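> Quick one: the structure is below, questions incoming.
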């Protein structure tokens with residue numbers, strides 16, 4: 001997971017210091033995997049070439065100051081941008097029942113082998129059986145050309161991370177049976193901009209931000 005973030009513009013935005021970036025992203029990856037094991041479902045291939053972290057979301061989760069505390073405790077001075085990312089992602093999270101693909105990572109040398117598709121296939125089939133949609137965010141400039149798009153996810157309005165950050169595209173996969181779970185209107189609010197001036201560890205943002213992962 002840390003290697004996947006290192007290869008994306010998102011990783012550079014989260015940790016601008018290139019020298020410190022690998023260690024900080026590795027600490028963050030350990031935290032989100034631990035949260036996934038405790039509160040969600042972590043799926044991996046047998047050789048750990050790919051990992052997916054899922055959460056069942058019957059509704060928007062409650063606020064979690066503990067998550068912000070853990071970010072600050074583990075990441076120190078680098079925690080602010082991670083907290084900002086989580087706060088803004090959670091602010092526009094769908095309010096309808098769904099399952100959330102919070103994190104997906106595939107080893108660079110296995111991305112052309114269909115490993116990611118195979119890892120997600122079983123989970124998607126289980127969602128289709130019960131008629132539930134799936135939701136994710138991806139950091140890309142071409143959301144209609146990536147893995148999730150090929151698996152039935154449709155791009156919605158993006159989250160714009162500022163200053164100078166990448167675009168996060170919100171991706172929605174309606175259940176195959178009936179497609180009635182497709183989200184429109186209030187379920188996926190208008191795009192937002194993550195401003196540098198926001199301070200996620202104080203005041204309103206701390207109280208409204210919930211963990212991206214749990």
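> Provide the gained length on full extension for the span residue 95 to residue 144, in nm with one decimal, where the gain is 0.36 nm per separating residue minus the Cα-Cα distance.
Between residue 95 and residue 144, full extension yields an extra 15.3 nm.
> If you take the square roots of the eigenvalues of the alpha-carbon gyration tensor of region 1-99 and sort them as a ≥ b ≥ c, do you get rounded (a/c under 1.5), prolate (a/b over b/c) or oblate?
Details: a/c = 1.79, a/b = 1.20, b/c = 1.48.
Since a/c reaches 1.5 but b/c is at least a/b, the shape of region 1-99 is classed as oblate.
> Follow-up. With a 10 Å Cβ neighbour count serving as the proxy for reagent exposure, in which order, fewest first, do 140, 96 appear?
Ascending Cβ contact count within 10 Å gives the list 96, 140.
> Starting from the Cα of residue 48, move 7 Å in the Cα-to-Cβ direction to define the label point; list residues of region 90-109 whose amide nitrogen is under 17 Å from there.
104-109
> For region 68-167, what does the alpha-carbon gyration tensor say about shape, rounded, prolate or oblate, given a ≥ b ≥ c as the root eigenvalues, a/c under 1.5 as rounded, and a/b over b/c as prolate?
prolate
> If I model a spin label at residue 37 and residue 9 as a point 7 Å from the Cα along the Cα→Cβ vector, what separation in nanometres do I get?
3.4
> For the pair residue 27 and residue 77, how long in nm is the line joining their label points, each one 7 Å along Cα→Cβ?
Going from the residue 27 label point to the residue 77 one covers 1.2 nm.
Any read-out appearing in this document is the output of simple, stated calculations on the displayed coordinates, not a laboratory observation. Since this is a predicted model, take the numbers as computed values, not measurements. Neighbour counts are summed over all protein chains in view; Cβ atoms, including those assigned to glycine, are modelled from backbone coordinates with ideal geometry.
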